[in-house]
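The values are calculated or read from the model by the stated rules, or taken from the named source; none is laboratory data. These numbers come from a predicted model, not from an experiment. We place every Cβ from the backbone using ideal geometry, glycine too, and count neighbours over all the protein chains shown. Calculation scope for accessible area: heavy atoms of the full protein, side chains included, ligands and nucleic acids excluded. Shrake-Rupley method; radii C 1.70, N 1.55, O 1.52, S 1.80 Å.
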Amino acid sequence: MRTILPFLVVALVGGSALAAPTYFVMADMVRAEEGTPRGPVCVPNSVFFPGEKIVFRAVVVDAATGEQLSFDEVQARGVKAVVKFDDHDDIAMFFPPPEAGSPPGSGFFRGPWPVPQDQAAGMYNWHIEVSDAQGNSASYQPIGQSFGANAVTIQSAP
């Protein structure tokens, strides 16, 4: 029995470590035109003010092909994405259908969050969770956030 137990432990740990991911997620956040923007819009940013709108953006890539999921693939697979933002309610992300004349690369998930006027100044963490109808999942967390680096800063209104 002593020789079987270590083998089972190695097999269980090794089996879970060998599972290939289904998706990779890349994300950022930008300032929207809506609200009262205090800086350039649609530019990756991490500092915002009350009254501005943050848009969390995510690209989901099929890990097997390395290709970004299209609107049709998102619909067919039942892919959903949500932003988890510290103590706030989850922010549901949406993936809009392509429109004629859309700029290249505009096919991605979006999760808008208007910063409330009474939002306390401070540093906040966020991450994105992605899942599909088959139970596959993936997540994104900003670099450095796991060891305390700031992810989003809400400044006091000047």
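Spin-label model, residue 118 to residue 34: label points 7 Å out along the Cα-to-beta-carbon direction sit 2.1 nm apart. Net length available on complete extension from residue 147 to residue 42 is 35.1 nm, with 0.36 nm assigned per residue and the Cα-Cα distance removed.
Quick check: with the 1.4 Å probe, what order do 123, 93 take by accessible area, largest first? Present the calculation step by step, with values, prior to reporting the outcome.
On the way: 123 135, 93 20 Å².
Ranked from most to least accessible, the order is 123, 93.
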